[in-house]
1. Under 11 Å from the Cβ of B:His30, count the other residues' Cβ atoms, weight Lys and Arg +1, Asp and Glu -1, and hand me the total.
2. When B:Leu146, B:Leu113, B:Leu16, B:Leu201 are ordered from fewest to most other Cβ atoms inside 10 Å of their Cβ, what list results?
3. For chain B, just the Cα atoms, rotate onto the principal axes and tell me the three extents in Å, largest first.
4. I want to make sure I understand the PRE zone here: with the label point 7 angstrom from the Cα of B:Ala270 toward its beta carbon, which residues in segment B:550-565 have backbone N atoms less than 19 Å away?
5. Which of the listed residues, B:Asn355, B:Gly722, B:Pro413, is farthest toward the dipole's positive end in chain B, when Lys, Arg count +1 and Asp, Glu count -1 at the beta-carbon?
6. Subtracting the Cα-Cα distance from 0.36 nm times the residue separation, let me have the gained length for B:Lys742 to B:Lys581 in nm, one decimal.
7. For the protein assembly as shown, place one equal point scatterer on every Cα, skip the solvent, and apply the Debye formula. What is log10 of I(q)/I(0) at q = 0.08, 0.10 Å⁻¹?
8. Report, for chain B, the % of DSSP beta bridges that are antiparallel, rounded to 5.
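All of the numbers you see were taken from the coordinates with simple rules; none came from a lab. Here the structure is a predicted model, which means the values were calculated and not measured. No Cβ is skipped: glycine too gets one built from the backbone with ideal geometry, and neighbour counts run over all protein chains shown.
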Amino acid sequence: MLKWLAIRAFMGQTNFRRTVFEFDFTFTDQERGRDSPLLRLLVFMLTVRVCAALELNIASHYNHRGYLQAVRYHFEVLTWLRLKLSFVGKDCTMAPNRIDNDVKALARYFNLKNCKCKFDKKSGVTQLVHNGQTVCGLASIASFLVQNSEQPSLHGGSCHMTKAQIQQWLQYRVTIVDRCLNEKDVTTVLKELNSFLESRVYFVTSSLTVADLVLYFGLFAPFNQLTLQEKEKYLHLSRWFNNVQRVAKLEEFYPILPFSLNYLYEGVSEH
Amino acid sequence: MKLFTDKGNQHSLKILVAAELAGISLEIEHVDSAAIVVPFLKRNVLPVLEVETNEYLFSANAITRYILATVGKDSEDITVSTWLEWESTDLQAALSSYLPVLYGGGKADSQKLQPHLSKLDNSLGGAQFIVQDQLSAADVCLFAALYPLYANSKSCFENFSNLNAWFTKLHAEPPFGASVAKVTEGKGSSSLKASILAQPLVNTLPVARSVSNEKGKSSKDKENSTTEEVVAKEFSLEEVRAAKETFLTGKKVAPKPVQRNHPLLPRKDAKNVLITSALPYVNNIPHLGNIVGCVLSADVFSRFCRIRNYNVLYICGTDEYGTATETKALEEGLTPQQICDKYFKLHDHVYRWFNIDCDHFGRTTTPQQTKIAQDIFWGLHKEKHLLEQKVEQLKCEDCDRFLADRFVEGTCPLCNYDDARGDQCDKCGKLINATDLKNPRCKICNRTPVVKSSDHLFLDLPRLESRLQSFLDKSTTEGDWTSNAKMITSSWIRDGLKPRCITRDLKWGTPVPLEPYTDKVFYVWFDAPIGYPSITANYTPDWEKWWKNPDEVQLYQFMAKDNVPFHSVVFPCSLLGCGEKWTLVNHLIATEYLNYEDSKFSKSRGVGVFGNHAEQTGIPADIWRFYLLFIRPESQDSYFNWDDFVLKNNSELLNNLGNFINRGLMFLEKNFGGLVQELKLEQLDCQLLAAVSQELKQYVSLLEKVRIKEALRHVLNISRLGNQHIQVTQPWVLVKGSPEEKSRAGTVTSLCVNISCLLSVMLHPYMPDTSKTIQEQLNASADVNVLTGDFVCYLEPGHKIGTPKPLFAKIEQAQADQLRNQYAGKND
């Protein structure tokens, strides 16, 4: 059934309104859990088509509440599938080597030659060795990379206050973000950062600094788990996240996460 | 700077020691251990340093380093960072589970602490300090972190001889000893207990995070919260009654719109608002970001002020002097004046098309500009705020002129690229000094220039700093400054003001009147802001009533964030120092940047929609205005996106706003001959009245604070409420029923038509043409164009409306795709 639907959608011969509802019935949560690459791919293609069509038609079907719900649902399906697919072969969700990954990514981002990353599984300490000098810990490594890098713009300038603010947010990453034990901790972090960013574009100064990068890496995993509705709840943080992932050209390290440009869940009415 | 801390907090010890070492005295405010000082943090993080209003440092380690850094005592050595990170993560994780037990009187297991102490002990190895035989932040922070152990038992470091020696030595030093006494108030370990028990726990590093159950939970949460609509909140009977009363009787007391008679001058009996928009530089065609950033935002605000019956003057114009114009003139083989004339027309046309309603759109190349700039200059000269300094500069002896950076080319000293410009190398992107170029050549005659020193005048900003600071303190607290404007300004001042050169060796500019500088002109940043008063002087000879009248005039300045320092620091300094009482900026509104489809607007690559393109698309100016204001980069950078543009037009304008207005008008015309019916308001209608007036009040209060984007959403909310009301009451059913039911349909429709009338006024700042069209269709008199904050019935029973027509057209996706390709640049 699903295969047939997907192919039909893909061939572009379909009445989308019908497909959406058929799709709704077929693609239950149970199907989500089934793990078949072919199924995933087919569903993915179908969803892309359906979502594309729906997004364009939101306006003409604005009056139908059912449609709007379908749109929301499919946005979420799309998000889920996009992520599942982009993670094939990459595991960014495990905590211990996540920090290790971040250090590697940072080193690559700053394009520092002759450096090696070491990760001690037992103590959980990540080290960077550069020309015989060893630096321990993510925050210190980040400061070290910035000091020695060719991209002084991320340095934030020589102002003492700026430096202190960068240190503070690096410390926030290693002491708070990385040490969330449960979902409640994660929510607190998201709330705090969201409210901090309410009146700011970036964490420190008015341009991108290493603090944004390090927090972006740290928040990737939790953001990856959010639905579009939750992202809309952390509106300021989401805007910042989207901004950083695009401005800093980070698609090389982590897949670009989708954000909706439209309010999907607020101020929507039925009439 | 003020330090907030609870009593006996060992982390505050870090900061006190640092302050002693730096010789700084800190203002300390003691708060409760559970107090939340930083508004955005959800836990009781202490101590906190308030750097300025709403700017906090909440990491004791960062504060310590900051204080030491201000007196040059913070080491750049990365090992210091490493130790501090270790302290904040590993050591604190161990301590924060150990100390509360120890101080709480339980049996504390020191086992987990031993490896940490031994690590520090080994690392010290008999040295006096932790990093490189020099006292650093690492010593201060570790000392304070370990102090509670020592306070509890002086023998706690017995097994670690190096650590013990290091600790006792530091403890004997006066800065440490004195700070300890301050924190413990001489009461020893007991004074630390309360704080330690209240401090939030530092978690240890989690081993692995499970993903699956998180997912399950969030999808459950989602189910619980899917029902959202703009359900108007319940209003109290009092609110509903008041809204009804105002609606029915308010017309009699509503003021009439004030006529706009030029020339506008400040009046004693009115609120006098002077609005300026950053002057667009003449030789660039403005792109959408430039337009929404200053001229359009200022236009919306000035229109809003006019419907509020304020006495408004909105001034804008083109900035025409400077190197860029000269370069452009050389390129096109014209004189600078011809270039300005040519591009001025272009600008004027673009803004006219966008319906920018300035009271005067002028230019800076006028005799008034020369006079006012020179008067300010003489004022500064008389008050001795000018310095003379020599500047090394390249001079082309063939052309007999000093060369501005843009007039020199040569080989980059850093990457040897042979076509580097005088200010920046295009290849490596580094900023360079023109005098550092290898083999420099003059861009005009291609000969080699020589380095000559030339005398220049500098504005002595440091001498004006205290006056500037007291002006800023007052203006930023009393006025509405956007937070980026405040932030950029305070960081400029924090970095230290330096004298700034105000003269240049150019020909195209305002001449300097003082000998021996008469062959020079003013630097454009000194000159350009003077354009505001000089353009006003071209509008009226009584310009000083606006510009030298700080007591009666409120000055609002609009700009993009890159222009902030010139308006908040440099221009105020020029005005403060010239010995006269000028009107200084009261409200500085700066926008962030608007990007184009995930990248930047670029003239050279042809990416993005520029002012003249908007007209060519055939989409009405009002739609452009609406979308640009809907995505106005108010507190964050935002993106122009064609899909979103289409969606907003089709959903918000066509299906929400346009649909509501058209529905009501058509229905009234078809079923009631276009006559407004008697209003027999029922409970439901009165609820709607209350909801609409609440939206209106929010709209007014947001726009008073120049929150343009947010206010627009309240306009759309009103039409949403209206649509809901029609949907619920179903007048198309009622009209076919009994006479009572028909009269009910009349009430509902007439109420909707009155809401449309209110919407037309609220839309006026954003979409002036549409507002006019709606009022024509309503056949409303011009008297409705005044906004008091009350929703009033302007179209009374018996009023005959005009001919309703659809207000907006659908934009097809295909058209957007085509436009996107057209403006995607040369690469695609």
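1. Values: positive: B:Lys7; negative: B:Asp6, B:Glu29, B:Asp32, B:Glu185.
Charge balance near B:His30 sits at -3.
2. Values: B:Leu146 23, B:Leu113 20, B:Leu16 26, B:Leu201 13.
With the fewest neighbours first, B:Leu146, B:Leu113, B:Leu16, B:Leu201 line up as B:Leu201, B:Leu113, B:Leu146, B:Leu16.
3. Here the spans come out as 100, 83, 57 Å, largest first.
4. B:550-557
5. The Cα lying farthest towards the positive end belongs to B:Gly722.
6. Details: separation 161, 0.36 × 161 = 57.96 nm, distance 6.58 nm.
Computed gain between B:Lys742 and B:Lys581 is 51.4 nm.
7. Ignoring solvent entirely, the Cα scatterers give -1.04, -1.43.
8. That works out to approximately 55 percent antiparallel.
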